[in-house]
Amino acid sequence: MTRIHNDPADFAEEALSGFALLHERFVRPVPGGVVRRRPGPQGKTVVIFGGGSGHYPAFAGLVGPGFGDGSVVGNIFTSPSAQYAYSVGRQANRGGGVIFSFGNYAGDVMNFGIACEQLAAEGIDARSVIVTDDMLSASVDETSKRRGIAGDFVVFKVLAAAAEAGAGINEVERLGRKANDRTRTAGIAFSGCTFPGAVEPLFTVDRASMAVGLGIHGEPGLETVPLQSAREIGELLVRTVLAEAPAGSSGRVGVILNGLGSTKYEELFLLWGEIAPRLADAGLQLVEPEVGELVTSLDMAGVSLSLVWLDDELEPLWCAPVETPAYRKGSAPGADSGSDDDGAVADAVVEQIAPGSPVSQELAAQVVALTTAAFTTVRENEDLLAQMDSIAGDGDHGRGMVRGLDAALAAATAVAAQSAGAGSTLARAGDAWAEHAGGTSGVLWGSALRAAGQVLGDDDAVDAAGVLAAVDAYAAALTRLGKAVPGDKTMVDAVAPFAATLHDAVATGRPLSEAFLAAAASASAAAASTADLLPKLGRARPHAHKSLGTPDPGATSFALIVTTLADAATHERKVHVE
């Protein structure tokens, strides 16, 4: 259990603040994460790692000479926002381009992708190298769908060492992708992890069992088997990883036996005594193996085994010296030399708020009131949404929705007080949601609300046609970014029938308030029916069978919000899910 905290919602930010204070010799804090206190030379390709908190020493603990140039830090198990990634990228940039590297999770892919687009618009060459080492999360025919787990460390190490040696961005990217293609990981868990402030873990494993195929975001294992001895666990992990040795690979491998957070080092050492001889018996030469905690999952009890098949290009990079707060190897050049970088890059120009028309200002006040109602409802249902998400995901949906709506409400209130119109108020609320919530739902809600706000504008009164246009813009942004379709068990399963019912009701001449109620009812029914679907996208996909019987949390939260908006607009009952 994670026991030390103030407000659990602030855990990640406060932990990062303490980390930066302790390790100020290595890092300086910037909006969205940390960068090196003593950066590399001008013209260097910079390598930035990122993801949610809860994985220390990944990701911020790996920033320093020989390793990362910066780290983007999200809330616990939640991908950092595009704004955070953009901020760290700008602060770390040395003129040679930026490479972000992260595990293959939908929210990370979307948010870092948007950050790359934003940096590119400023003339900064920005790219992503996505880690897909988790063998058990998808078949060999679908390696692009595999998650990134402890193999993150391997890819990060190769990317960073290549950049540190002065390679250009094309070469750094090529070597990082090569390392990913030659890395395999398999893991098991003995117990789930517990969020700060929670009293129960995200999942449990019977004391006589173990879960095979763990994720690093509190996801349950892909299957549960009887608890085995260390000898049997060693045999299982080695057999699984060696089953996919890259074709034509040499016998030299880098190895990581990784603890997930509460597996004791003595246990890892004992297990290593079972694993190392089996690898040697398979004809492998072990190159500078690592045993310890490198990519954790809060207080999860579990282990994973990663192998990277080395060659003449990768082996020197795997062995290159490093000095960071959490990981050291050899003597890294520049670890105690070079000038400090205490100057922050100037923030991007903030878009100014132009006053809206009087009628649009009145509508902006309604946007604030409706956002308040939505925030209240989602906060009341936070635990329910978290429970839904923990069945096959990482359990962070409720907290992410609350954080997003809280930020959206603060932003909407502030800009409305500056005489903003409805469109700007909604767009700024979306931007704040995306920035502070992070994750898949954060970027989807944020981008969709901005799109709807741009359609509403700040000048005209909004009639039924205007509402329909805004809803269509919201739905279009959602599907463009998330690439989901009805039936994938996502928020789209509630959004699509909501929009269709709203259009049909308005077309038959029903008043907008009645049409909105009918559309909200349709969304609620559709969200409930997602219990019968198997997820095809996102973190729940590897655990698809576990989610049968449980509605999708994204679809449910959308239905909650639109039902609240419909009720608030008609001064009817306050909604709450039982």
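The values are calculated or read from the model by the stated rules, or taken from the named source; none is laboratory data. Please read these numbers as outputs of a predicted model, since none were measured by experiment. Positions of Cβ are backbone-derived with ideal geometry, glycine not excepted, and every protein chain shown enters the neighbour counts.
With the checklist (1) in contact (Cβ under 8 Å) with a residue 40 or more places away in the chain; (2) out of contact with any helix residue (DSSP H, G or I) (no Cβ under 6 Å at 6 or more places or on another chain) in hand, flag the one item S139 doesn't pass. Tallying (1) in contact (Cβ under 8 Å) with a residue 40 or more places away in the chain; (2) out of contact with any helix residue (DSSP H, G or I) (no Cβ under 6 Å at 6 or more places or on another chain), S139 fails exactly one: (1).
Among the residues of region 311-320, is any in the same structural domain as F77 (by TED's automatic domain parsing) and assigned to a strand (DSSP E or B)? No - not one qualifying residue is present in region 311-320. Selection of first residues in region 511-532 that are assigned by TED's automatic domain parsing to the domain that holds G549 and of second residues that are among the aromatic types (F, W, Y), restricted to Cβ pairs under 8 Å at least 6 apart or on distinct chains, gives the following pairs, ordered by first then second residue: A519/F498; A520/F498; S522/F498; A523/F498; A523/F558; A526/F498; A527/F558. Does Q387 qualify as being in a helix (DSSP H, G or I), at pLDDT below 95 and of a type in the set (S, T, N, Q)? Against the criterion (in a helix (DSSP H, G or I), at pLDDT below 95 and of a type in the set (S, T, N, Q)), Q387 qualifies.
So, in region 232-288, exactly how many residues are small (G, A, S) and under 14 Å from S306 (Cα atoms)? Don't jump to the end; show me each part of the working.
Narrowing region 232-288 to residues small (G, A, S): 234, 243, 245, 247-251, 254, 259, 261-262, 273, 276, 280, 282-283.
Keeping just the survivors that are under 14 Å from S306 (Cα atoms) gives 234, 243, 245, 254, 259, 276.
Adding up the residues that qualify gives 6.
Residue-wise test of (1) surrounded by fewer than 24 Cβ atoms within 10 Å (Cβ to Cβ); (2) closer than 30 Å to S390 by Cα.
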residue: R28; (1), (2): yes, no
residue: R36; (1), (2): no, no
residue: G43; (1), (2): yes, no
residue: V47; (1), (2): no, no
residue: F59; (1), (2): no, yes
residue: L62; (1), (2): no, yes
residue: G74; (1), (2): no, yes
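How about region 132-159: which of its residues are under 19 Å from G259 (Cα atoms) and hydrophobic (A, V, I, L, M, F, W, C)? M135, L136, I149, A150, F153, V154, V155, F156 - these are the residues of region 132-159 that are under 19 Å from G259 (Cα atoms) and hydrophobic (A, V, I, L, M, F, W, C). Taking every residue in region 221-243 that is on the phi < 0 side of the Ramachandran plot and pairing it with any residue that is part of a loop (DSSP other than H, G, I, E, B) and at pLDDT below 95, at least 6 positions away or on another chain, the pairs with Cβ-Cβ distances below 6 Å are G221/G213; G221/L214; L222/G213; L227/A208.
Counting the residues of region 463-506 that are of a type in the set (K, R) and touching a residue at least 24 places away in the same chain (Cβ under 8 Å) gives 2. Looking at A198, A189, A138, just one residue is modelled with pLDDT under 95 and in contact with a Gly (Cβ under 6 Å, 6 or more places away or on another chain), and that residue is A189.
Scanning region 506-521 for residues that are surrounded by 19 or more Cβ atoms within 10 Å (Cβ to Cβ) and farther than 19 Å from A469 by Cβ gives a single hit, L517.
Name the residues in region 1-50 that are part of a loop (DSSP other than H, G, I, E, B), among the hydrophobic types (A, V, I, L, M, F, W, C) and at pLDDT 95 or above, would you? Quick ask: steps written out before the conclusion?
Taking region 1-50 and keeping what is part of a loop (DSSP other than H, G, I, E, B), we get 1-7, 23-26, 31-32, 37-45.
Now restrict to residues that are among the hydrophobic types (A, V, I, L, M, F, W, C): 1, 4, 26.
The one that is part of a loop (DSSP other than H, G, I, E, B), among the hydrophobic types (A, V, I, L, M, F, W, C) and at pLDDT 95 or above: F26.
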